[in-house]
Amino acid sequence: MANRGVAREVEQQLAARMKQGDQTALAELMDLYGTGIYRTAVLLMKDIHLAEDASQEAFIKAYQRIHQFTGQGSLYGWLLTITLNQCRTWMRKSAWRRLFYRAVPEETMIPRPTEVDHQGPEQSFLRQELLGQVYQLPYKYREVIILHYYQDLSVYEISEYLGEREGTVKSKLFRGRALLKNVLEKEEWQDEGSG
C-alpha cells in the first residue's frame, strides 16, 4: 500500500491537530488513508454499501477517540484496528438483516477492478474469481487472508491489529489457505498463465 510509508512526523502532526479539534486534519487523514481503509472494508464485508458506512464510521470514531491514540505505532495501524472492529460490528448487525431482506445481487457487492488495473482481461477475470472465492470463506479466515495478501501485513502486524497471538493468526492463515485451496481444487480452478 503506497500510503503506509507516510512519515511518522506527518501522522503525529495530524494526530496533534485532531486532538486540538481541527476537522481539516480529519479531512487530510481521510485523503491520506481513505482509499486503503475503504478497500479493506469492502474486501472484508463483501458489500460496497456496508463497507462505505463502516469505513466512514471508523474515521468518525478515530476523530472522536483521537485522545486514545498514544503515538506508539502508526496512526494508520490504529485506524486499521478501528476499521477491523467496525467491520466486525457491522457484520454482526447485518447478519440478522439478511434474514429479512432479499439477497443483494452479487455484482453490487464485489468491487470492480480499478481503472489503475493494467492487467489483461484474463488475469483480471481470474483475480476477480479468486476474490469471489475468498469472499466465501468464513469471516475469521477471510479477515486474515485479506490483511495478509491484500494489505501486505505481516503476521506480527495482523496479530497486533487484531489483538491476537501470532500463533493464532498463523493458524487462521493456514486454515484459510487450506479451505481456499480445497474450493479451488474442487472447481478445478487454474491460473491460465501457470500452464
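General observations
- Boolean, residue 44 is open to solvent by less than 20 Å² (accessible area, probe 1.4 Å), in a helix (DSSP H, G or I) and in contact with a Cys (Cβ under 6 Å, 6 or more places away or on another chain): yes
- Just one of the listed residues (180, 173) is crowded, with 16+ Cβ neighbours inside 10 Å, farther than 28 Å from residue 61 by Cα and modelled with pLDDT of 85 or more, and it is 173.
- Residues within segment 6-31 that are aliphatic (A, V, I, L, M), open to solvent by less than 70 Å² (accessible area, probe 1.4 Å) and without any contact (Cβ under 8 Å) to a residue 40 or more places away in the chain, tallied: 6
For (1) outside any helix (DSSP H, G or I); (2) of a type in the set (Gly, Ala, Ser), each residue gets a yes or a no:
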residue	(1), (2)
142	no, no
148	no, no
152	yes, no
158	no, no
161	no, no
171	no, yes
176	no, yes
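- Per-region count, segment 78-87, residues open to solvent by less than 60 Å² (accessible area, probe 1.4 Å) and without any contact (Cβ under 8 Å) to a residue 40 or more places away in the chain: 2
- Extreme residue, modelled with the lowest pLDDT, among residues of segment 49-77 that are β-branched (Val, Ile, Thr) and open to solvent by 50 Å² or more (accessible area, probe 1.4 Å): 70
The values are calculated or read from the model by the stated rules, or taken from the named source; none is laboratory data. Predicted model, so just to flag it, every value in this text is computed and none were measured. Please note: Cβ atoms are built from the backbone with ideal geometry, for glycine as well, and neighbour counts cover all protein chains shown. What goes into the accessible areas is simple: the full protein's heavy atoms, side chains included, and nothing from ligands, DNA or RNA. Shrake-Rupley method; radii C 1.70, N 1.55, O 1.52, S 1.80 Å.
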